[in-house]
Amino acid sequence: MGLGEVNRTETYRERIARRAAQEIEDGMIINLGIGIPTLVADFIAPEKRVLFHAENGILGTGPSPANGEENPMLCNAGGFPVTLVKGAAFFDSATAFAIIRRGLLDMTILGVLEVSQRGDIANWIVPGKRVPGMGGAMELAQKAKQVMVLTTHLDKNGRSKIVRECSLPLTAKAAADLIITDMAVMEVREDGLYLREVMEPYSVADVIGATEAELKLDGDVGVFR
C-alpha cells in the first residue's frame, strides 16, 4: 500500500487530520496552519466547542464549506474558503497577532518541511526558492501553549522529514510537542522523541526504518486505524 492512500475512502491527509482532532479538547482556541492543518476543522466532534483562529482576523472558523457554497469574501489566512461557527468574531490583523503574541492560543497546528527530534521546526523557506513569506509561523510556534506538527513522514524524494538536526532555516527551536504523520504519532519530551502510535498498516519497524531521528519507546505502541 502506498503512502498516498491509506484506504479507498480516506486520503493520508484526512487520516492525519482526523488523528490530530483527537488531541483537541473542549473550549480550546486554536490556530490552523496552511496545508494539512486546515483539514482538522472538518473532524471536530459536534459536542466540542472549539474556536479556530486565523491571522487575517477571524476567531471562530468552522469546517470547510460544501462545494458550491463557498463565500468568496470569507477565507482563512491561506486564502482558502471557510465557514463560521456561532459566536465568531472579526477583527484586524494587528489584533489577530496580538492574540498570538500574548500567548492566548491553546494550540497551534503547523505543517513543516522538517522537524527535529528536539522539536525544532523548519517550515518557512527552502534556500534559493521564492516564497510568499513566513506568515505567522514564528510567533505561533513560540507563543502557543501547545504546538502540534502535521506532515508526511517522507518528502517527495523519499527522505525522512523527522530528522536528528534540521538542515533548513529554523522557524523555532524546541517548539513542537506532538508530531503526527501518515506513518506515526510521536511525542517530543525533554529526553527525546517517543513513538506513541503507528498508523495502520505500518509497524513499529517500518516507522523506525523510515525515520532519521532517534525514536524511543516507552511501553506499548498503539495503532491508529
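Tell me, please, whether a residue that is within 29 Å of residue 160 (Cβ to Cβ) and out of contact with any Leu (no Cβ under 6 Å at 6 or more places or on another chain) can be found in the range 78-86. There is at least one residue in the range 78-86 that is within 29 Å of residue 160 (Cβ to Cβ) and out of contact with any Leu (no Cβ under 6 Å at 6 or more places or on another chain). Here the condition is being touching a residue at least 60 places away in the same chain (Cβ under 8 Å) and open to solvent by 40 Å² or more (accessible area, probe 1.4 Å); of 159, 118, 101, 130, it holds for 118 alone. Check the range 87-103 and report whether any residue there is at pLDDT 95 or above and under 30 Å from residue 164 (Cβ atoms). So far as the range 87-103 goes, yes, one or more of its residues are at pLDDT 95 or above and under 30 Å from residue 164 (Cβ atoms). Taking residue 58 as the residue in question, decide whether it is β-branched (Val, Ile, Thr), under 22 Å from residue 149 (Cβ atoms) and open to solvent by less than 50 Å² (accessible area, probe 1.4 Å). No. Selection of first residues in the range 137-150 that are more than 17 Å from residue 16 (Cα to Cα) and of second residues that are hydrophobic (A, V, I, L, M, F, W, C) and at pLDDT below 95, restricted to Cβ pairs under 8 Å at least 6 apart or on distinct chains, gives the following pairs, ordered by first then second residue: 137/124; 138/124. Each residue in the range 62-84 was checked for being in contact with a Ser or Thr (Cβ under 7 Å, 6 or more places away or on another chain) and buried (at least 20 other Cβ atoms within 10 Å of the Cβ), and 2 of them qualify.
For the range 162-176, taking the residues that are within 16 Å of the chain's Cα centre (by Cα) and in a loop (DSSP other than H, G, I, E, B), the one that is surrounded by the most Cβ atoms within 10 Å (Cβ to Cβ) is identified as 171.
Would a scan of the range 108-115 turn up a residue that is among the charged types (D, E, K, R) and either touching a Cys at 6+ places or on another chain (Cβ under 9 Å) or farther than 30 Å from residue 71 by Cβ (or both)? Yes, some residue in the range 108-115 is among the charged types (D, E, K, R) and either touching a Cys at 6+ places or on another chain (Cβ under 9 Å) or farther than 30 Å from residue 71 by Cβ (or both).
Within the range 192-221, residues that are open to solvent by 70 Å² or more (accessible area, probe 1.4 Å) reach partners that are assigned to a loop (DSSP other than H, G, I, E, B) and of a type in the set (Lys, Arg) with beta carbons closer than 9 Å, at six or more positions or on different chains, in the pairs 200/225; 212/159; 212/161; 212/164; 214/164.
The values are calculated or read from the model by the stated rules, or taken from the named source; none is laboratory data. Since we're looking at a predicted model, the values are computed, not measured. Glycine also receives a Cβ, built like all others from the backbone with ideal geometry; neighbour counts cover every protein chain displayed. What goes into the accessible areas is simple: the full protein's heavy atoms, side chains included, and nothing from ligands, DNA or RNA. Shrake-Rupley method; radii C 1.70, N 1.55, O 1.52, S 1.80 Å.
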